[in-house]
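Take a look at the structure below.
The values are calculated or read from the model by the stated rules, or taken from the named source; none is laboratory data. Here the structure is a predicted model, which is why all the values come from computation and not from measurement. Every residue, glycine among them, receives a Cβ derived from its backbone with ideal geometry; neighbour counts consider all protein chains shown. Areas reflect the complete protein model, heavy atoms only, side chains present, ligands, DNA and RNA absent. Shrake-Rupley method; radii C 1.70, N 1.55, O 1.52, S 1.80 Å.
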Amino acid sequence: MQAMNARVTASGPVRRADVEGWFPADDRVLFTELLGWQSRTQPPGNLVELGAYLGKSAIVIGDHVRDGESFTVCDLFGMEPDASDVRSEVTEQYGGLTRERFEQNYLAFHDSLPVVVQAATSEIGKHVAAGSCRFVHVDASHLYRHVAGDLVDARRLLRPDGLVVVDDFRAEHTPGVAAAVWEAVLGAGLRPVVLSRQKFYGTWGDPEPARSFVEDLLRDRPRWRFVEDEIAGQRVVVVRRPIRRKTAAPAPAPVDKTERGVPRRLARAARRMLRPEGPAGGR
Ligand SMILES: C[S@@+](CC[C@H](N)C(=O)[O-])C[C@H]1O[C@@H](n2cnc3c(N)ncnc32)[C@H](O)[C@@H]1O
């Protein structure tokens, strides 16, 4: 993963696009739509993000916090992790991350901060009540044992109609996330709702209401392609690469059969004439 360049002023980033991070446009749409749908159809519930980095996805989740709800982000924010495997992951990829930079970015778009837990994600159960959440985004360590633990916590925090979203569940550099997600699907009752190109969306409750909401949403967006698949007896919506508008192929450059405007045949004959040994010379 490579951090994108940011355009940041003294008071924070100017636009959301200027916030560094890893949050693809199709997931921004799915977060916005699913959180909005939950707000319209479900009672208040808490929101949690495990792994906030500089706030790119947290800022979007923060748009949907209603009265009576709390939003908690949990991240090491540059703190030295205890586990040595996380240490190499964190120091290699998230250098320069500080809690202050996260807070400055977040406050550029919201009036107040979420609850910030600066700790390993394994601590989240001490800060958020079990069964209180409607949405948990798992995007911290991408190593198998941490993601497996984060999923156990997500299940404990979510109420039955809550949604969990897991980042990088099918990236080539994160096989541990894939292992943890499919293990939870096949053995721990996690039910897929929609798979974007980067994130897995699921629930431990009834997946049908969220799934049919997403299907209707995608049908209304002609540029989005999706297929329905069945995994271990469960229907799932799979989002495919968006359709790109066809652009006319550039016209091929005309073939120049001349050397500086002189036909090649004539140029070759002239070179032969000018050789010191004359036109008959050669090897
Ligand atoms: C991929 S980034 C999160 C990206 C972010 N959601 C965005 O939209 O750009 C992962 C974050 O997880 C944090 N992290 C990694 N391992 C962690 C752990 N064990 N506990 C808490 N935070 C962790 C890192 O500090 C980093 O900020």
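So the values come out like this:
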item: Odd one out for L107 among (1) touching a residue at least 24 places away in the same chain (Cβ under 8 Å); (2) near the ligand (Cβ under 9 Å from one of its atoms); (3) not polar (S, T, N, Q); result: (2)
item: Identity of the residue in the stretch 110-142, within 10 Å of the ligand (Cβ to nearest atom) and among the β-branched types (V, I, T), that ends up nearest to P209 (Cα to Cα); result: V138
item: Lone qualifier among R155, R159, R145 - being more than 11 Å from the ligand (Cβ to nearest atom), in contact (Cβ under 8 Å) with a residue 24 or more places away in the chain and touching a helix residue (DSSP H, G or I) at 6+ places or on another chain (Cβ under 9 Å); result: R155
item: Residues within the stretch 120-146 that are in a loop (DSSP other than H, G, I, E, B) and more than 22 Å from the chain's Cα centre (by Cα), tallied; result: 6
item: Residue in the stretch 178-185 that is within 16 Å of the ligand (Cβ to nearest atom), of a type in the set (F, W, Y) and surrounded by 14 or more Cβ atoms within 10 Å (Cβ to Cβ) present; result: no
item: In the stretch 184-239, residue farthest from E49 (Cα to Cα) [restricted to those that are in contact (Cβ under 8 Å) with a residue 60 or more places away in the chain and aliphatic (A, V, I, L, M)]; result: L217
item: Count of the stretch 2-29 residues which are of a type in the set (D, E) and either at pLDDT below 65 or touching a Ser or Thr at 6+ places or on another chain (Cβ under 6 Å) (or both); result: 2
item: Conditions (1) at pLDDT 95 or above; (2) open to solvent by less than 50 Å² (accessible area, probe 1.4 Å); (3) not small (G, A, S); number of the one not met by H127; result: (2)
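For every residue, the table says whether it meets (1) assigned to a strand (DSSP E or B); (2) more than 9 Å from the ligand (Cβ to nearest atom); (3) surrounded by 17 or more Cβ atoms within 10 Å (Cβ to Cβ); (4) not polar (S, T, N, Q).
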site: T32; (1), (2), (3), (4): no, yes, no, no
site: P43; (1), (2), (3), (4): no, yes, no, yes
site: A52; (1), (2), (3), (4): no, no, yes, yes
site: A58; (1), (2), (3), (4): no, no, yes, yes
site: V65; (1), (2), (3), (4): no, yes, yes, yes
site: E69; (1), (2), (3), (4): no, yes, yes, yes
site: T72; (1), (2), (3), (4): yes, yes, yes, no
site: M79; (1), (2), (3), (4): no, no, no, yes
